[in-house]
Amino acid sequence: VWWAWSRRSLAVAAAVPRDKPWERDGLDETGRFEAAVRSAPRWLAFLAGDEPQTLYGLYKQAKLGDAPPGMKSGGLKDRVKLGAWRKQAGRSSAECRADYVALLDGVATRAAAAAAPAIGRDQVTFQPTRCRDLGLRVRIVGTGNYVPERVVTNEEVTARGGGGFEASTVRSGVA
C-alpha cells in the first residue's frame with residue numbers, strides 16, 4: 001500500500017535536519033566552521049565509513065594543530081582517534097576548517113537526497129532510503145506500524161493451553 005510507505009518515508013525525511021547553519025549570510029570562514037561544529041551532532045547518524053574519524057581529525061587539526069609526537073594512545077578507540085588526527089598533520093588550520101565544512105555539507109546533501117520524495121505521474125510516491133548503497137546507519141523514528149494490535153496476558157496464554165509454562169514465571173506476549 002503506497003500510503004503506508006509514504007508515512008514511513010515521511011518519518012525518515014523528518015529525521016533529516018533541514019537547515020545548514022554554515023550557509024547563512026555574513027559568516028566568515030571561522031564562523032562557518034563554528035556553525036558546522038555546533039550542528040555536527042545532528043548529522044552524526046548520517047556519517048558513513050571513516051567520515052566520523054575524518055571529522056574528528058579535521059577538528060583537532062583546525063583547533064590545536066599537529067598532534068604531539070610523544071602522545072600515547074590507550075585503547076583501540078584512542079588509537080583510531082589519534083590516527084585520524086595524525087593524518088591531518090602539516091595542514092593549515094584554515095584548510096582543515098574549510099574541509100570540515102565541505103565534508104559536513106556533503107553529508108547533509110547526501111542525507112537530504114536519500115529522504116527526498118520522487119514525484120510520479122499521477123500521485124506522489126516516495127523512494128525508499130537505500131542505506132546500504134549510501135553507507136548510512138538506519139535511524140528509526142517513532143513506532144509507526146510496529147505497535148502490536150493488543151498485548152496478550154499470561155492468563156490468556158495459559159487459558160488457551162499454550163506454552164507449557166507457569167503464568168507467574170513468564171512475561172506477557174504480544175499478539
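The values are calculated or read from the model by the stated rules, or taken from the named source; none is laboratory data. As the structure is a prediction and not an experimental result, all values here were calculated from the model. A quick note on method: Cβ atoms are made from the backbone with ideal geometry, for glycine too, and the neighbour counts reach across all protein chains shown. Keep in mind that these areas ignore ligands, DNA and RNA; they rest on the heavy atoms of the full protein, side chains included. Shrake-Rupley method; radii C 1.70, N 1.55, O 1.52, S 1.80 Å.
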May I ask you to list pairs of residues, at least six apart or on different chains, whose Cβ atoms are under 7 Å apart, with the first in segment 49-65 being loosely packed, with under 15 Cβ neighbours inside 10 Å and the second being of a type in the set (Gly, Ala, Ser)? Gly49/Gly135
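Yes or no, residue by residue, for (1) under 15 Å from the mean Cα position of the chain (by Cα); (2) part of a loop (DSSP other than H, G, I, E, B); (3) at negative phi:
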{"residue": "Leu44", "(1), (2), (3)": "yes, no, yes"}
{"residue": "Ala48", "(1), (2), (3)": "yes, yes, yes"}
{"residue": "Pro52", "(1), (2), (3)": "yes, no, yes"}
{"residue": "Ala62", "(1), (2), (3)": "no, no, yes"}
{"residue": "Ser73", "(1), (2), (3)": "no, yes, yes"}
Tell me which of these Ser73 doesn't satisfy, since it passes every other one: (1) at pLDDT 85 or above; (2) small (Gly, Ala, Ser); (3) open to solvent by less than 60 Å² (accessible area, probe 1.4 Å); (4) more than 24 Å from Arg18 (Cβ to Cβ). (1)
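Regarding Glu95, is this residue more than 26 Å from Lys20 (Cα to Cα), at pLDDT 55 or above, out of contact with any Pro (no Cβ under 8 Å at 6 or more places or on another chain) and in a helix (DSSP H, G or I)? I'd like the intermediate steps shown before the answer.
On the way: more than 26 Å from Lys20 (Cα to Cα): no; at pLDDT 55 or above: yes; out of contact with any Pro (no Cβ under 8 Å at 6 or more places or on another chain): yes; in a helix (DSSP H, G or I): yes.
In short, no.
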Among (1) over 14 Å from the mean Cα position of the chain (by Cα); (2) at pLDDT below 85; (3) within 28 Å of Ala115 (Cβ to Cβ), Ala14 falls short only on (1)
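Return the residue satisfying two criteria in turn: it lies in segment 27-48 and is without any contact (Cβ under 8 Å) to a residue 24 or more places away in the chain and open to solvent by less than 40 Å² (accessible area, probe 1.4 Å), and of such residues it is farthest from Gly83 (Cα to Cα).
So, considering only residues that are without any contact (Cβ under 8 Å) to a residue 24 or more places away in the chain and open to solvent by less than 40 Å² (accessible area, probe 1.4 Å), the one farthest from Gly83 (Cα to Cα) is Gly31.
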